[in-house]
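To keep things clear, I will list the structure first and then write my remarks on it.
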Amino acid sequence: MEHQLETIGRNMFAIFGVMALCGAAFMVASKSAVHSVLGFLFAMLCVAGCFLSLDAEFLGMAQILVYAGGIVVLFLFVVMLVELSKFKEKGVFQLQTRSAVIAVIVGGVAFLAAFRNLLFGTASPEALVLRPELAQGLAVAQQNAQAVSRGLFSDFLLPFEILSVILLVALVGAVVLAKTERV
Amino acid sequence: MPIQAIPMTLTQTLVMGLLQIVVVLIAVFIMVPLLTFAERKVIGYIQVRLGATRLAGGHVGITGPMNRIMWSMGKVPMLSIVRGLPIFIADALKLITKEDIIPAKADRGVFTLAPIISVMAAFGVFAAVAYYPGVMFYLPKGFPIVGGLPFQGFITDVNVGLLFILGLASVGVYGIVLGAWASNSKYPLLGGLRSAAQIVSYEVPLTLSLLVPVLLAGSLNFKEMSILLATGKGLHPLAIIPLFIGFFVYLTCGFAETNRVPFDLPEAETELVAGFHTEYSGMKFGFFYLAEYANMIVVSALATAFFLGGHYLLPFGLQRFIPETVPFLGQPSFIFFLGKVCFILFVFLWVRATLPRYRYDQLMDVAWKYLLPLTLVNLFIAALIRFAF
């Protein structure tokens, strides 16, 4: 049964990954903004599925809660408020199509060149850990909610707090920008 | 109650899961129409009228002779509760057989997708809800494939069950918003925008109020949390204070999340015709209806499990004062869970019959100015009780 579940999990990861890519492609290609948001939502849910098939249930649920439940709803809210139907008739890829295609090809080749070994080489026997002396603590955690919270709130507390301050700065900046525009 | 880990093959696990899903779905499909019937009757009695009585109360039919005798004696037939009951079958038949209209200018795909998302989110949540954290009964030996195996009171035992529930519930808002947008009409759009703002706002205090039981239980697993909070073992006696406050905050936010009165602004009839589902008819409307009532049941189940002591008799962890040796009252039972769920569902109807609707600015004030600070203070108290005492 364990073996079967492992195989199923690996296959599920592939299925969810392909589905996420399809959602992302739909998001880029669709002409209506609301359809784009739907594609994005689908991609996000599939990424959550990828996390779940990798036994990272906490991350998967956080993905659904934060992206599907929060961020995409706000996207949809804004898209519904701003009437975009005027732009519907224009072509999808009307802006800088050629340079965009070139950039994507160059980026893809560079990515493959850099991560060739990572993608197609043999996997390392042990997981890569940022600070090996803390790995013991993570191994003790029984569930990955515990592991994540241990990482965030004890081992890497300072970087975590600094990150949240950076987000706060972005928030304040957004408020300031919006205010000056209105006056 | 220890759960025996009987090894099951993959087929058995899948069949067992399917069986449990079917049972839960049937239970929900029975509870929802009964709830609509109860809604008519309860509101009727609160407003000093009889509610639905007429369907089986005519002078013809099976109950006709009895009714004729009752009326001739100058009395209202006393079985009026039973006599209105067939109305829920009529309701369901009406929804199924009604013409399914899609407006000409609507976005057909999204218009169809919206009720599906609503129902899927509402029903998917039941996967992680534990009605009884243990084995309810053992299937008879003769049962094909899964004979003799325990039938547990939950479909899956998710490590992060509470997050699963909150996540899926937050996906449910898409049904309303997309349905509103796809209708391509003014009133639904306004209803949808209101709904998005309302649900996103109330999700914040809702989640924070649920953090109190999470903090006190030290787990995100639905089953573990409900057992620990119900028996009250390891809880500080003062933990009743944050649980008590949290319960009322959670229930308030639950009303808002399910779009019930007094927070039913997305479908405020007086201003918005029928809000987000104005353009819907037939079973597509029925799906929204189903999702709303299923959500009510989920909110009640969560409130029961985390605040009202779940499958034990006394709420807020007071159960510890009844020793486990007391028969029935000291023992866990599914009946207690069901009774409490029904009581909270009754509160939903009670509030609907009593309170008027909030104004929109009042609605937002309640969420951001009162409930949010209250939940934060409550969370602080809970943390203090958990770690300082």
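The values are calculated or read from the model by the stated rules, or taken from the named source; none is laboratory data. Please read these numbers as outputs of a predicted model, since none were measured by experiment. Positions of Cβ are backbone-derived with ideal geometry, glycine not excepted, and every protein chain shown enters the neighbour counts.
This table checks each residue for (1) in contact with a His (Cβ under 7 Å, 6 or more places away or on another chain); (2) in contact (Cβ under 8 Å) with a residue 12 or more places away in the chain; (3) within 13 Å of another protein chain (Cβ to nearest Cβ); (4) of a type in the set (A, V, I, L, M, F, W, C).
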site: A:ARG10; (1), (2), (3), (4): no, yes, no, no
site: A:PHE13; (1), (2), (3), (4): no, yes, no, yes
site: A:ALA20; (1), (2), (3), (4): no, yes, no, yes
site: A:PHE26; (1), (2), (3), (4): no, yes, yes, yes
site: A:ALA43; (1), (2), (3), (4): no, yes, no, yes
site: A:GLY49; (1), (2), (3), (4): no, yes, yes, no
**Prompt:** Taking the stated definitions as given, is A:SER99 at pLDDT 80 or above, outside the structural domain of A:PHE13 (by TED's automatic domain parsing) and over 23 Å from the mean Cα position of the chain (by Cα)?
**Reply:** yes
**Prompt:** Of B:PHE111, B:PHE151, B:PHE164, which residue is of a type in the set (A, V, I, L, M, F, W, C) and away from every other protein chain (no Cβ under 14 Å)?
**Reply:** B:PHE151
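One line per residue, one yes/no per condition, for (1) more than 30 Å from B:GLN47 (Cβ to Cβ); (2) under 22 Å from the mean Cα position of the chain (by Cα); (3) part of a loop (DSSP other than H, G, I, E, B):
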position	(1), (2), (3)
B:PHE316	yes, yes, yes
B:ARG320	yes, no, no
B:VAL326	yes, no, yes
B:PHE336	yes, yes, no
B:GLY339	no, yes, no
B:PHE343	no, yes, no
B:VAL351	no, yes, no
B:TYR358	no, yes, yes
**Message:** Could you check the stretch B:196-230 and list, in sequence order, the residues that are in contact with a strand residue (DSSP E or B) (Cβ under 7 Å, 6 or more places away or on another chain) and among the charged types (D, E, K, R)?
**Reply:** B:LYS223
**Request:** Output the number of the condition that B:ASN159 fails; it satisfies all remaining conditions of (1) in a loop (DSSP other than H, G, I, E, B); (2) more than 14 Å from every other protein chain (Cβ to nearest Cβ).
**Result:** (2)
**Request:** Return only the number of the condition from (1) among the polar types (S, T, N, Q); (2) without any contact (Cβ under 8 Å) to a residue 60 or more places away in the chain; (3) touching a Pro at 6+ places or on another chain (Cβ under 8 Å) that B:ASN378 does not satisfy.
**Result:** (2)
**Request:** Answer yes if at least one residue in the stretch B:190-212 is facing another protein chain (nearest Cβ under 9 Å) and within 23 Å of A:ALA56 (Cα to Cα), and no otherwise.
**Result:** yes
**Request:** Taking B:GLY142 as the residue in question, decide whether it is out of contact with any strand residue (DSSP E or B) (no Cβ under 8 Å at 6 or more places or on another chain), at pLDDT below 80 and among the small types (Gly, Ala, Ser).
**Result:** yes
